[in-house]
Each structure stands twice: as C-alpha cells, then as structure tokens.
Amino acid sequence: MPVLTAIGERFAAERPFDGLRIAACLHVTAETAVLLGALRAGGAQIALAASNPLSTQDDVAAALRGYDMAVHARAGVDRETYYRHIHHALDIEPDIVLDDGCDLVNILHTERAELAVKGGCEETTTGIIRLRQMAAEGALRFPMVAVNDTRTKRMFDNRYGTGQSTLDGIMRATNTLLAGRTVVVAGFGYCGRGVAERAKGLGARVVVTEVDPVKALDAALQGYAVLPMAEAAERGDVFVTVTGNRDVIRAEHFAAMKDGAILANAGHFDVEIDVRGLESLAESVSFGIRGNVDEYVVGGKRLLLLAEGRVVNLTAAEGHPAAVMDIAFSAQALSVAWLAGQSLGPGVYDVPEAIDAEVARLKLAAEGIAIDALTHEQVEYLHSWTLGS
Ligand code: ADE
C-alpha cells in the first residue's frame, strides 16, 4: 500500500492527530492495520472494534495490540459480544470516529449519546444511506464525512474491490466453475456492476435484478439479461445480493430455485438473503458441509448458503486486495486529517474534491503511470463561454 504508507510518513512528520482519540469500527484486516498505523503515526490514540462479527483476522487483531492500540475484536463472536466490543471501543471517549456500516454511530445516538464527538468518517454505502436519513430527520448530532461517495472509492473499491473479492469468496468456499453458469446479481450499483463485470469475465451468463429503472436500463444496455427475481430464481446457478436492502431473496424465490443453487451476499448487512425464512422453509439443514457452506434442503432441492448470508468477500475470502484498499484508505486517512482541522456542524459532508484528485495522482505515480496536463489554451477554453464552433 505505497500511497497509504507515504501518507503515514507525512503524518509522522506533521502529527495532525496529536492529542486526538480515534475510535474505529472497521473490518479488522491487514489493510485496516496499515490505515490505523498511519493515524497512529500522526499522533492519534486508537481503539478498534470489528464492523462485522465474522470478518476479523485474529492474527491482525493480535498484531495491532502490539502496536499500542486497544483492539476489541475476535472472529466468530455472537451478536451480543459484537456490540459489547463497539461499546468498549467507545470507552476511549473518541474525538473522531471511523465507521463502516454506521453501527458505531448508531450507538453514539442511542446508548452512548452522552459522548461528545467532533466528527467522523463513514466508509460504506449502507452507512451513508443511514447517515443521510439521520441528517434528514435532524437526528445526526455531529458531522460525518461520506468517504464512500468519493469518485476514487466508488470507482475502484466498490467496483474492482467488491467485484473481485466477492467472486474470490464464492470460489474459495465452493470451488465451483463459473464459466457457462448463470450468475444472478441483485443490485446494479457500483458494487453490483463490479460483480457482474468480473462474473462475465469468467465466462458466466449474468442476469441482473434491479428496482431502479435507470440502473436496470444501464444493465440491459451493457448486455446483461435483466429480470425480476421471481424469474431469475428459476434460472440462476449462483446468486449474489449487493443491494443494501433486506429480503431481496426470500421464501418464494428459494422455492423456485434449482438443486445446487449457491446463495451469497456481498451487501454490508446479513439481511439481503432472508436466512430466517430459509430456515423455516427447509426440510433439513447440514451446517458446514465445507468451510463457509451450509446446505438447506427445500422441496427436495439443495440450496447452498455461503457465510451464513454475511458479507461473503470478507468472510470466505480476505476482502478487497491491498492494492485497492490503498486507494480507499488513503482517501479515508486524508479525510480524517481534513476533518481534524475543521470546525463543522452536524451533517453529512462530501470529501473535498482535492483529496480525491490527490489520491488518484499519488496512486498513478506509485504505479508509474504518467498522464497529460491541460495546456494554457485548454484551460482558457474551459473557462470561456464566448468561444464557439
Ligand atoms: N472492506 C472490504 N475489503 C476490506 C479490507 N481488505 N479491509 C478493510 N475493509 C474492507
């Protein structure tokens, strides 16, 4: 992660976080460790909780404890422990919070509303949807920076990161051949688009389901079959939910599926596949027929649920590769530094465009890729409204 490492070195020299306490609720991965290392180098005191009960890499958690960070995370914890860990991270009484999915911010507005926070950054689409709703209702009590909405995050992390790591998780869990199979992708946002592109690249027939007419049209014009889930359910060999909404695959769909259908979720929360509904419909369940694979028999047909319906790319694989997290977490690190220097009121704030551009410039430089610069005449032309044809 050369860009994030260079930012960490800059932080070490400038110490933008001296005296600040940061509580983070992020997937505990090697890439997260590099982000927190950069913030620590900048002077922050750090407490970390996991943003998913299954995604923690225990070796990373142990290593971070050795770097003087309070880490409250363990792979496979139950729901109660997961939330207790977030409370422990908040015991640091943070000035700044980093969230991935809005669970930590939610607790700061419900059970820990006594804690005064300067502001925070949110990493993922699901979290931003919640924050915007809180802001619209006047409930959000401090500023939150929408790191997810940067161009660099959406274009690279959501598309290439989620696209590749989701298929990586499905392949590691099942070792299934995707070529010639029908992969149903529910949701054609940035993440869904990435999953669809990668599946197509592996030779799958891709079917997209959508509720947004513009996204559905986009999928159709990109050559994907677009169908309602009721029809896609009968055709799919592999199903991937990436919508951010609940019950996208539910009882009527399970009943229509083929024997051997594989069900995976790449959305942040485990609500997209109605696992409770699947449990009550199933005649029998065999847990752990392989790592991260549970077999449900419905109407005599075997349905294979991956990673308990939790985020498959971080549960059955290692999340996004470091090369793409270098971009997303560099935007995150620079956003934290920007936030630390501001005095903002409650609300959801876009990351300044300059940060987006800086991250892309640094990444290009790290990759040894040169680009053109506008000539003086071109700059003038772009600022003129009198020059026509
Ligand atoms: N989200 C997706 N991939 C990730 C990774 N490798 N580390 C932290 N958060 C992630």
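Remarks
- Unmet requirement for residue 337, which otherwise passes all of (1) farther than 30 Å from residue 234 by Cα; (2) of a type in the set (Gly, Ala, Ser); (3) surrounded by 17 or more Cβ atoms within 10 Å (Cβ to Cβ); (4) within 16 Å of the ligand (Cβ to nearest atom): (4)
- Complete set of residues in segment 134-176 that are under 22 Å from residue 188 (Cβ atoms), modelled with pLDDT of 95 or more and away from the ligand (no atom under 12 Å from the Cβ): 146, 167, 170, 171
- Among the residues of segment 294-314, those identified as assigned to a helix (DSSP H, G or I) and buried (at least 24 other Cβ atoms within 10 Å of the Cβ) are 307, 309, 312, 313, 314.
- Residue 135 hydrophobic (A, V, I, L, M, F, W, C), under 24 Å from residue 245 (Cα atoms) and out of contact with any helix residue (DSSP H, G or I) (no Cβ under 9 Å at 6 or more places or on another chain): yes
- Residues within segment 340-389 that are surrounded by 19 or more Cβ atoms within 10 Å (Cβ to Cβ) and either over 30 Å from residue 135 (Cα atoms) or acidic (Asp, Glu) (or both), tallied: 3
- Set side by side, the residues 332, 378 differ, and just one is in contact (Cβ under 8 Å) with a residue 60 or more places away in the chain and either of a type in the set (Lys, Arg) or over 30 Å from residue 291 (Cβ atoms) (or both), which is 332.
- Top-ranked residue in segment 293-311 [being of a type outside the set (Val, Ile, Thr) and within 14 Å of residue 171 (Cα to Cα); ranked as farthest from the chain's Cα centre (by Cα)]: 304
- With a requirement of 2 or more residues that are surrounded by fewer than 24 Cβ atoms within 10 Å (Cβ to Cβ) and hydroxyl-bearing (Ser, Thr, Tyr), none of the strands (runs of 3 or more DSSP E) lying completely within segment 106-204 satisfies it.
The values are calculated or read from the model by the stated rules, or taken from the named source; none is laboratory data. These numbers come from a predicted model, not from an experiment. Cβ: placed from backbone, ideal geometry, glycine included. Neighbour counts: every protein chain shown.
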